[in-house]
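Okay, structure first, notes after.
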Amino acid sequence: MVRRPDLEEVSVNTFLVADTAMIPILRGEGIVNGHSFTLTSARGLGLIARLRTRNYRVVTLKDKIDRLPEMPTVQAPGNLLQIETGARDQWFRFDGETLTWQAVEAQANGSRLFVAFEEHRVARRRRSRTGGDYFRIERLPNDSAQLATLSEDAGVLLGYAHATYDADIEIDSSVNDDGSYSLPIEFSLPPQYRAMLELLATSHDKQSMHFSEAGWALAVRLLHRLNLRPANGDIEADFDDDHDDFDDDDDE
């Protein structure tokens, strides 16, 4: 059975306190309001370490980022494979230059329609207004295409793995006059990664996200997992903490 965290970071420097026995320790490091604790001390890492030394289970946003699904190891793209499709199907490929989904036009062969994808690549198919289905394209012994179903997270991560196969990718970012950071969101993200970035941001919309200094350090850690390098503010924060209390989970 999974053990519930005694202290869980739910937004940047804000924690949910499940075990109130630790409150006397927390009071000297920030603001306690019921079961909510806001860290204000610069000694945050030391506080987390002390709590863990006393066998409290602490889960931070850094821990959650480190537990996001990883990019797969990929093979170089292979030959083009033909996939028969219906007239109403829409197909997309993951573009390694823009990190977005680009439409693939179907080609007619007599009365039948086909789309072409390289072996090992990811493909997205839409048949309705939903986000669609995701597949890894593989070649069968008879040289026909096999579509291996993927989740959206796995599909986008496969796209990133191919896009950054040879080198990391630099993305736009800016440092603002007040010391905050802004990140234009001009590219597709795995849903779990986008949800985490939104949690780290002080504000966000469909086009951009804005971060405090503390939130930005975590955001950069997340972006590095996708082999993305911000053009400005590409910091290598030292969290001085390799402990991960997720490791204390006991499966049923």
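The values are calculated or read from the model by the stated rules, or taken from the named source; none is laboratory data. Small disclaimer: the values here were computed from a predicted structure and weren't measured. Note: ideal-geometry Cβ built from the backbone for every residue, glycine included; neighbour counts use all protein chains shown. SASA here: full protein model, heavy atoms, side chains in, ligands and nucleic acids out. Shrake-Rupley method; radii C 1.70, N 1.55, O 1.52, S 1.80 Å.
So if I check each of R229, R194, which one is part of a strand (DSSP E or B) and either modelled with pLDDT of 95 or more or open to solvent by 20 Å² or more (accessible area, probe 1.4 Å) (or both)? That would be R229, the only listed residue that is part of a strand (DSSP E or B) and either modelled with pLDDT of 95 or more or open to solvent by 20 Å² or more (accessible area, probe 1.4 Å) (or both).
Can you tell me how many residues in region 95-126 are of a type outside the set (K, R), open to solvent by 40 Å² or more (accessible area, probe 1.4 Å) and over 17 Å from Y160 (Cβ atoms)? The qualifying residues number 9.
Restricting the search to region 89-121, which residues are among the basic types (K, R) and under 18 Å from G78 (Cα atoms)?
R93, R121
When S174 is tested against the conditions (1) of a type in the set (S, T, Y); (2) touching a Ser or Thr at 6+ places or on another chain (Cβ under 9 Å); (3) open to solvent by less than 10 Å² (accessible area, probe 1.4 Å), the lone failure is (3).
Every condition in (1) in a helix (DSSP H, G or I); (2) aliphatic (A, V, I, L, M); (3) modelled with pLDDT of 95 or more; (4) open to solvent by 30 Å² or more (accessible area, probe 1.4 Å) is met by M22 except one, and the failing one is (4). If the condition is being in contact (Cβ under 8 Å) with a residue 12 or more places away in the chain, among the hydroxyl-bearing types (S, T, Y) and surrounded by fewer than 14 Cβ atoms within 10 Å (Cβ to Cβ), then region 43-94 contributes only T73.
For R129, the conditions (1) open to solvent by 90 Å² or more (accessible area, probe 1.4 Å); (2) in a loop (DSSP other than H, G, I, E, B); (3) in contact with a helix residue (DSSP H, G or I) (Cβ under 9 Å, 6 or more places away or on another chain) all hold with the exception of (3).
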